[in-house]
1. Translational D (Stokes-Einstein, µm²/s) of segment 219-361 at 37 °C and 0.692 mPa s when Rh comes from the Kirkwood sum over C-alpha pairs?
2. According to the square roots a ≥ b ≥ c of the eigenvalues of the Cα gyration tensor, what is the shape class of segment 203-301, taking rounded for a/c under 1.5, prolate for a/b larger than b/c otherwise, and oblate for the remainder?
3. How would you classify segment 63-229 from its alpha-carbon gyration tensor, with a ≥ b ≥ c the square roots of the eigenvalues: rounded for a/c under 1.5, else prolate if a/b is greater than b/c, otherwise oblate?
4. May I ask you to derive the relative contact order of the chain, considering only C-alpha pairs under 8 Å and at least 6 residues apart, and to give it as an integer percent?
5. Sorted by mean Cβ packing within 10 Å, highest first, what order do the peptides 225-238, 76-89 take?
6. Assuming 0.890 mPa s and 25 °C, estimate D for the chain with Stokes-Einstein, Rh taken as the Kirkwood radius over Cα pairs, in µm²/s.
7. Over the Cα atoms of segment 1-148, compute the convex hull volume and normalise it per residue, giving Å³.
8. With both bridge residues required to lie in the chain, what share of the DSSP beta bridges run antiparallel, to the nearest 5%?
């Protein structure tokens, strides 16, 4: 059940394992085929567990947003190349709405639709750059509509991807290569799979859904339909990585928040600006690209403070950091295997965070 024999677990891990064993609402295999989790307190490893069948690489889904797109936007703001109060149209002349501001896109309050089936209308070889140019033609016709509530939107992040390319004048894939190198990690294997071809052995990837239109179980190919149709490289989904990869990145995020000098990821002032509430609570719980806890139904459970921030991924992944407790939790799973219709993990995830807090000294 755990990553090592029970006798080898530390005290925290034993308490956490007992919480799982005592309180799981159903057999884990009915909730997700497997999961990995890691917990850090004050920047130090507190412990971690593995349950079920686990793999080296996981489809990180929407964690791509905060692992890649948001950090690069933060860097542009930090060096003065991007103004969050400027209109999107200033950077993308083709953008339909002349009043929408960059910060509104980042906080999901611009009124763009949450999703659209672009994958049905993209064709030709699965070359990321070619598909990306096709999508631009489709996005030119997408308009924002006034809404009283923020709407979490992949379309927002597709627009932000074009904005990144416009400001940096390089492709998303080249930008990722530069960003990856800048983090200066040895054996850092966070990666896209261009052309939807696995970069590592296919069986080292956690399988996701048995896809009805791709006619196969996806393994080493991104689960998200639009990211797949874009050739595997997108600003909203597409990254794969290990628990080590995601944890090391999350520790850089934590360091940037607590250290006045920031970290290799970003400076403290910039991160604190991006990670604080960007819209009124009555409109939603969003910072700039980061999720905030929603009272009564937060995916980080009931104990994380209102200052917490993070993100989740549709495949069953998440990163949450609570500055007040100085507590960092990373979870990877493939809960969509063999079908996304199993939503039990959505209820389990906040419970896991509660059990973690209850298991602390």
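1. Values: Rh = 16.3 Å.
For the chosen part, D equals 202 µm²/s.
2. Since a/c reaches 1.5 and a/b is larger than b/c, the shape of segment 203-301 is classed as prolate.
3. It is oblate, given that a/c is not under 1.5 and a/b is not larger than b/c.
4. Result for the chain is 25 percent.
5. By packing density, highest mean first, the sequence is 225-238, 76-89.
6. Calculated translational D: 118 µm²/s.
7. 216 Å³
8. Around 95 percent of the beta bridges assigned by DSSP in the chain are antiparallel ones.
Every read-out reported here was derived from the displayed coordinates using simple, explicitly stated rules and does not represent laboratory data. Here the structure is a predicted model, which means the values were calculated and not measured. Positions of Cβ are generated from backbone atoms using ideal geometry, with glycine treated the same way; all protein chains shown enter the neighbour counts.
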